[in-house]
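Taking it in order: structure first as structure tokens, then the write-up.
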Amino acid sequence: MPGVKVGAQVRRYCMTGNYVVVGNGCAAMEGIKAARENGYKGSICLVSDLLQPSYNPMLVTYFASGKIDYDMMFPYGNNLDFYQEHDVKLYLGSPVVNLDAEEKSVETAKGFKVYYDKCLVATGSSPVIPPSFHNISDYVYTLRTIDDAVRFRKLLNGEKKKVLVVGASMVGIKAVEALIDKGFDVCLVDFAKYIFPMIAHKNCSLLIQDILEKKDVRLRFGTAVERIEEDDNKVTAYFTDEGPCETADCIIMCAGVKSNMSFLDPEQVELDRGIIVNEYMETSCPDLYAAGDVAQGRDIMTGEQRIIGLWSNGRYQGRTAGMNMAGKRMKYHGTLPHNITHFLEHDFIGIGNILNGDDMYEEIDEENNRYACFVWKDKKLIGINLLNIPEISGLLKNFIVKGLVTKPTADLSALANDNLAMNKMYNKYPRLEKKFLEMR
């Protein structure tokens, strides 16, 4: 990329009066935009281990399966225009190995060092690869980076093989979809007993699993891969439940992600599963901010600090950090877990907490693979599942998320009664309206 300083070419560089952004994803881009839009005219230095422009990791399977073109993975453009327009100095190609929050410095593996006045950490997350898979890395595919996208696309367009997908996550089901669309023999394995265990009700999970089994996907749930053996250019997986082993030509790893924060000192910065931030995206250290998949912000439904790895959450967190770095005090109240995914011509939406309620409304239509579930706790709506009711899913998600942000103490049961999406649901399921009235 012309105009970019690659880590191997830079030995040491120090500056003061400087904003430093560590990372090159959505949260980083939005932080830069917000800082410039709110009057910051000083220097911005972006440091990242990657060489490509900012991209959306959620689009990896879409490109690999041929549903979008390569350039569409880059929402800010597959070029340097964004960085030039926002006057950003780029130092790419070497990971950050140390951020000293007391010295206020950032240093990369290649010896590049920069001092900051304010710093935004937006390093995202990386796929979790269990130790049992480390000795067969040549057979393991992950679905997070641009290189992953290109490699997976090559697999899909090559010889049809037997594939083991580890992890029944949203990314996992998109990988399964891409593989079976291309004629691969697929086995999906997860330690959980049902698909989407953190966001889907058991009855909804069973319908989704039935959809997959009708596509000849073998499901191995409630078990984990205990060990892997390699032989004759294939791998064989042995499971903790001592059930039959699975032989495959390769493995797609979709078993979750972990925050990229190994360069931070926990004696300096408060860390948990991510970097703890407040409503201003400030960390426990002065002038140090965090946003995106590395930041542990507020779940507006529970009030707890947690990582919610959503593109929209990263955008809002990044913008909030950028505004505050520029001197405009702005809060981000947070968000709640919500997922909308389209797979194998089916639509699933999960919002909030479906698992810990004390009352529930449910509709199951097995013949048409349609499902609706609303969960309350203390007469407040806390979770929703919808399967193949796409005409209202987006409206309902936006309404509930915005309702919680603008009226965080409001009773969602009351809010939902005045919503167009809910009126459509009442027409389809008359019992639901009675349930909402009961919960008011």
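What's the number of the condition residue 172 fails, among (1) touching a helix residue (DSSP H, G or I) at 6+ places or on another chain (Cβ under 8 Å); (2) buried (at least 23 other Cβ atoms within 10 Å of the Cβ); (3) closer than 24 Å to residue 67 by Cβ?
(1)
Within the range 360-381, how many residues turn out to be part of a strand (DSSP E or B), over 15 Å from residue 196 (Cβ atoms) and touching a helix residue (DSSP H, G or I) at 6+ places or on another chain (Cβ under 8 Å)?
Counting residues in the range 360-381 that are part of a strand (DSSP E or B), over 15 Å from residue 196 (Cβ atoms) and touching a helix residue (DSSP H, G or I) at 6+ places or on another chain (Cβ under 8 Å) gives 9.
Being more than 29 Å from the chain's Cα centre (by Cα) and not assigned by TED's automatic domain parsing to the domain that holds residue 108 is true for just one of 213, 246, 230, 226. Which residue is that? Spell out the reasoning first.
Working: 213 fails: more than 29 Å from the chain's Cα centre (by Cα); 246 fails: more than 29 Å from the chain's Cα centre (by Cα); 226 fails: more than 29 Å from the chain's Cα centre (by Cα).
Only one candidate qualifies: 230.
How about the range 70-101: which of its residues are closer than 15 Å to residue 28 by Cβ, of a type in the set (Ser, Thr, Tyr) and not in a strand (DSSP E or B)?
76, 83
State all residues of the range 261-305 that are in contact (Cβ under 8 Å) with a residue 24 or more places away in the chain, surrounded by fewer than 23 Cβ atoms within 10 Å (Cβ to Cβ) and on the phi > 0 side of the Ramachandran plot; if no residue qualifies, say none.
Across the range 261-305, the qualifying residue is only 287.
If I filter the range 212-243 down to residues being of a type in the set (A, V, I, L, M) and touching a strand residue (DSSP E or B) at 6+ places or on another chain (Cβ under 6 Å), which single residue comes out as farthest from residue 193 (Cα to Cα)?
Just the residues of the range 212-243 that are of a type in the set (A, V, I, L, M), to begin with: 212, 217, 219, 224-225, 228, 235, 237.
Adding the requirement that they be touching a strand residue (DSSP E or B) at 6+ places or on another chain (Cβ under 6 Å) leaves 217, 219, 225, 228, 235, 237.
Numbers: 217: 16, 219: 10, 225: 14, 228: 21, 235: 24, 237: 18 Å.
Among those that are of a type in the set (A, V, I, L, M) and touching a strand residue (DSSP E or B) at 6+ places or on another chain (Cβ under 6 Å), it is 235.
Residue-wise test of (1) modelled with pLDDT of 90 or more; (2) closer than 30 Å to residue 429 by Cβ; (3) not assigned by TED's automatic domain parsing to the domain that holds residue 54.
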position: 291; (1), (2), (3): yes, no, no
position: 300; (1), (2), (3): no, yes, no
position: 314; (1), (2), (3): yes, no, no
position: 321; (1), (2), (3): yes, no, no
position: 333; (1), (2), (3): no, no, yes
position: 350; (1), (2), (3): yes, yes, yes
position: 359; (1), (2), (3): yes, yes, yes
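Out of (1) under 30 Å from residue 179 (Cα atoms); (2) in contact with a strand residue (DSSP E or B) (Cβ under 8 Å, 6 or more places away or on another chain), what's the single condition that is false for residue 306?
Among (1) under 30 Å from residue 179 (Cα atoms); (2) in contact with a strand residue (DSSP E or B) (Cβ under 8 Å, 6 or more places away or on another chain), the lone unmet condition for residue 306 is (1).
Each row is one residue, and each column tells you yes or no for (1) aromatic (Phe, Trp, Tyr); (2) buried (at least 19 other Cβ atoms within 10 Å of the Cβ); (3) in the same structural domain as residue 172 (by TED's automatic domain parsing).
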{"site": "30", "(1), (2), (3)": "no, yes, no"}
{"site": "42", "(1), (2), (3)": "no, no, no"}
{"site": "50", "(1), (2), (3)": "no, no, no"}
{"site": "53", "(1), (2), (3)": "no, yes, no"}
{"site": "66", "(1), (2), (3)": "no, no, no"}
{"site": "75", "(1), (2), (3)": "no, no, no"}
{"site": "83", "(1), (2), (3)": "yes, yes, no"}
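Which is over 21 Å from the mean Cα position of the chain (by Cα) and crowded, with 17+ Cβ neighbours inside 10 Å, of 88, 97, 121?
Numbers: 97 fails: crowded, with 17+ Cβ neighbours inside 10 Å; 121 fails: over 21 Å from the mean Cα position of the chain (by Cα).
Matching residue, one of 88, 97, 121: 88.
The values are calculated or read from the model by the stated rules, or taken from the named source; none is laboratory data. This is a predicted model, so every value here is computed, not measured. Reconstructed Cβ throughout: ideal geometry from the backbone, glycine too, with neighbour counts over all protein chains shown.
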